[in-house]
Every structure is written in C-alpha cells, then in structure tokens.
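Everything on this sheet refers to the single structure shown next.
The numbers here are math on the coordinates, done by the rules we state, and not lab data. Keep in mind it's a predicted model, so treat the numbers as computed, not measured.
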Amino acid sequence: MAEEINGFLDNDEGFNQECEKIFTQFDADGSGFLDKTEMKACLADLAKDIGIPEPSDQDVDEAMKDLDTNQDGKVSQDEFKVLVKLVFAAIVAGLAEAFAEAGAE
C-alpha cells in the first residue's frame, strides 16, 4: 500500500485531480479558497476518517497559519496540496512503522 501511495504522490496529474476533488468538496462557498470554517470541516472529516479527536480552534488556526503561505487569510488549492501530501506521508510512515513492529514480533 505504501508503494501505491508513493506512486500516487509521484503522478502529478492524478494527484492534482484528487486534490481538486477533495478541495472542491470542502470549498462550500465555491470561492476557490478554504476559509477557517471550511478548513475546520475538512480537518474534522479527516480526523473522523483516521480515528483521532476533532481539531480544536487552535489546531485549525495553526493549520491555517502553516498552509497559508501568502498570508491572505485563506488556503488556495495549491496551498491545500501541501496538507494532502503531509497526510499521505503520515499514512506511509504509519504503515512502515506497523510493518516494522509486526516484523519484530
């Protein structure tokens, strides 16, 4: 699975299409940007999917600050791609760790 994820991340066209699909799902007002409310919905959905607690307002503020590289108070689709890559990288790292632990037993 890790190889599939890395392959997906290396496929620019497929990666960009998937990012656009996810981004559009959370861009509730169709502005082409995610504001804090939309980002909170995105992060809450992600947290639910991976089984972690819903992000606090402070968590969302930190994510917005980290992703909003041009500091315009909103996250563009290009800025959003960074989050998607981080999520997939974390999944790959988690898989690698799980396989390492399983092999050690």
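Taking Lys21 as the anchor, which lysines have their alpha carbon closer than 22 Å to its alpha carbon, excluding any fewer than eight residues away along the same chain?
Lys36, Lys40, Lys48, Lys74, Lys81, Lys85
Can you divide the C-alpha Rg of the stretch 23-71 by 2.2 N^0.38 Å and report the result to two decimal places? Write down the numbers at each step before the final one.
Numbers: Rg = 10.8 Å, N = 49, 2.2 N^0.38 = 9.7 Å.
Expressed relative to 2.2 N^0.38 Å, the Cα Rg reads 1.12.
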